[in-house]
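Trainee: Quick one: the structure is below, questions incoming.
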Amino acid sequence: MSGPAEGAVRVYATRWLVQAAAPAAIPVITAFTLLLIPLAVLAAPEASRPAASSACSTGGTGATVAGVDLDAVQMGQAQTIAHVAAGRGLGPYAATVALATAYQESRIQMLANDGSSPELTAEQAAVTATSLQYTHDGLGSDHDSVNTFQQRWIAGWGTVAQLMDPVYAAEAFYARLVEVPNWQTVPLTRAAQAVQVSAAGGAYARWEPLARELTAMLWPAAQAAAVDPFGAAPGVCPGLPAAAGSWVRPSSGTVTSGYGPRWGTLHAGVDLAGPRGAPVYAASGGTVIRAACTSVFCDRDGNLGLGGYGNLVELDHGGGVTTRYAHLSGYTVTPGQQVPAGALLGFQGSTGNSTGVHLHFEVRLDGAPVDPVPWLADRGVDLDAPDAG
């Protein structure tokens with residue numbers, strides 16, 4: 001697949017990506033992008049208690065599937081794999097084959113490789129070890145294998161940079177799967193082995209019940225993403241109960257970077273670092289004036305070289321007051337929609353000019369930013385509370 005079709009599939013995938021790797025930095029750091037860089041967000045601990053309704057977010061949230069406990073990282077990577085299958089129009093069986101394969105190979109984790117395998121030459125080891133430069137969930141050392149499917153750059157799966165992109169990894173798996181004769185009807189383990197050519201080819205069958213149940217959980221969101229790929233996500237979480245005219249905390253998490261000067265520019269909002277996939281709510285009732293991807297891409301996590309807010313929702317509350325909700329993994333509203341206080345707007349992510357999962361929240365008066373902490377404190381909302389989830 002190439003050209004516009006391939007680009008569309010990449011957009012379809014993973015608003016809920018967990019630690020997805022951006023394969024290359026885009027050199028567009030400007031004073032504007034510096035406003036959005038979350039300070040020390042990677043080091044911030046996740047909230048010990050999730051926000052109301054956070055357990056119902058799609059992907060990015062831990063779950064027990066067929067008796068197997070999967071954490072948020074694994075669920076987010078699984079959602080990526082399902083989204084790519086739906087975006088390519090392959091159907092749920094393709095996702096089931098891929099998920100069983102990924103669980104066998106990596107426990108559905110994006111694995112880097114330190115190049116320590118004795119099977120590699122010094123040059124091959126050095127190339128393999130470059131995988132450590134990319135966002136990863138863990139470390140492997142099997143030959144030159146990397147990523148969720150343990151694909152090998154020496155075997156022609158792609159460059160290390162490409163293979164450390166979860167969307168590319170899934171696309172590469174499916175590109176070979178569809179070349180397997182009768183792949184839709186052959187037993188799962190045979191289809192997986194035809195793609196992987198593994199020394200333990202029969203092992204994939206063990207995870208078929210897990211993969212089938214996981215596919216059933218993730219497929220509705222994957223299909224929704226394929227229909228409307230540009231950042232939109234199904235409204236799978238209920239809103240927060242809030243009185244008309246009131247203000248509420250926009251999401252769970254810890255304040256990791258406040259409003260004010262940062263490296264000679266203004267950080268125009270406050271960063272709340274909560275669990276990936278945590279719901280983001282309307283701080284007060286208003287009209288959606290923007291719900292869009294504002295960066296070059298929003299189908300995976302961003303980086304410091306990427307400009308823009310990523311997936312952004314902006315609300316107009318009247319009287320010159322607007323609020324912005326940035327770096328979302330996905331949003332659930334559309335421009336022109338009227339929303340009450342506490343309405344679900346989307347989910348915490350790390351799209352755009354971001355280095356970790358958080359919500360960048362702004363309050364603006366007649367277009368000029370103001371400090372959200374005292375603004376909300378005057379309205380009964382304490383963002384500095386230890387955990388207001």
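Trainee: So, in the range 139-185, how many residues would count as being among the β-branched types (V, I, T), within 24 Å of E119 (Cα to Cα) and in a loop (DSSP other than H, G, I, E, B)?
Mentor: Matching residues across the range 139-185 total 3.
Trainee: If you scan the range 89-108, which residues turn out to be in contact with a Ser or Thr (Cβ under 8 Å, 6 or more places away or on another chain) and part of a loop (DSSP other than H, G, I, E, B)?
Mentor: Selection gives I108 alone.
Trainee: Could you say which residue among Y325, Y309 is part of a strand (DSSP E or B) and among the hydroxyl-bearing types (S, T, Y)?
Mentor: Answer to the selection: Y325.
The rows are residues; the columns are (1) part of a strand (DSSP E or B); (2) of a type in the set (D, E); (3) under 14 Å from V313 (Cα atoms).
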| residue | (1), (2), (3) |
| --- | --- |
| L345 | yes, no, yes |
| V363 | yes, no, yes |
| P369 | yes, no, no |
| L376 | no, no, no |
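Trainee: Name the residue that is farthest from A63 (Cα to Cα), counting only residues in the range 295-321 that are surrounded by fewer than 21 Cβ atoms within 10 Å (Cβ to Cβ) and either touching a strand residue (DSSP E or B) at 6+ places or on another chain (Cβ under 8 Å) or not assigned by TED's automatic domain parsing to the domain that holds H360 (or both).
Mentor: My answer is G320.
Trainee: Still on this structure, please answer the following. Being without any contact (Cβ under 8 Å) to a residue 40 or more places away in the chain and either in contact with a Leu (Cβ under 6 Å, 6 or more places away or on another chain) or more than 19 Å from G76 (Cβ to Cβ) (or both) is the filter; apply it to the range 154-165 and report the residue that is surrounded by the fewest Cβ atoms within 10 Å (Cβ to Cβ).
Mentor: Per the stated criteria, the residue is G156.
Trainee: Does A283 satisfy the condition of being within 20 Å of W375 (Cα to Cα), touching a helix residue (DSSP H, G or I) at 6+ places or on another chain (Cβ under 9 Å), modelled with pLDDT of 90 or more and surrounded by 24 or more Cβ atoms within 10 Å (Cβ to Cβ)?
Mentor: Judged against the criteria, A283 is a match.
Trainee: Moving to a separate point now. Looking at the range 166-181 only, could you name the residues that are farther than 11 Å from A98 by Cβ and either among the small types (G, A, S) or buried (at least 23 other Cβ atoms within 10 Å of the Cβ) (or both)?
Mentor: Passing the criteria: P166, V167, Y168, A175.
Trainee: One residue is enough: does the range 331-342 have a residue meeting the conditions touching a Leu at 6+ places or on another chain (Cβ under 7 Å), within 30 Å of Y134 (Cα to Cα) and outside any loop (DSSP other than H, G, I, E, B)?
Mentor: The answer is yes; a qualifying residue exists.
Trainee: Out of the range 80-108, which residues are surrounded by fewer than 24 Cβ atoms within 10 Å (Cβ to Cβ), closer than 20 Å to Y134 by Cβ and either modelled with pLDDT under 95 or β-branched (V, I, T) (or both)?
Mentor: none
Trainee: Which residue is surrounded by the fewest Cβ atoms within 10 Å (Cβ to Cβ), if the candidates are limited to the range 109-137 and must be part of a helix (DSSP H, G or I) and hydrophobic (A, V, I, L, M, F, W, C)?
Mentor: Filtering the range 109-137 for residues that are part of a helix (DSSP H, G or I) and hydrophobic (A, V, I, L, M, F, W, C), the one surrounded by the fewest Cβ atoms within 10 Å (Cβ to Cβ) comes out as A122.
Trainee: So if I check each of A368, A326, which one is modelled with pLDDT of 90 or more and within 26 Å of the chain's Cα centre (by Cα)?
Mentor: Criteria check complete, one pass: A326.
Trainee: If I go through the range 280-293 residue by residue, how many of them are in a strand (DSSP E or B), in contact with a Gly (Cβ under 8 Å, 6 or more places away or on another chain) and not β-branched (V, I, T)?
Mentor: Total meeting the criteria: 5.
Trainee: Okay, moving on. Among the candidates Q162, Q151, single out the residue that is within 25 Å of the chain's Cα centre (by Cα), among the polar types (S, T, N, Q) and closer than 23 Å to C298 by Cα.
Mentor: Q162
The values are calculated or read from the model by the stated rules, or taken from the named source; none is laboratory data. This is a predicted model, so every value here is computed, not measured. Glycine also receives a Cβ, built like all others from the backbone with ideal geometry; neighbour counts cover every protein chain displayed.
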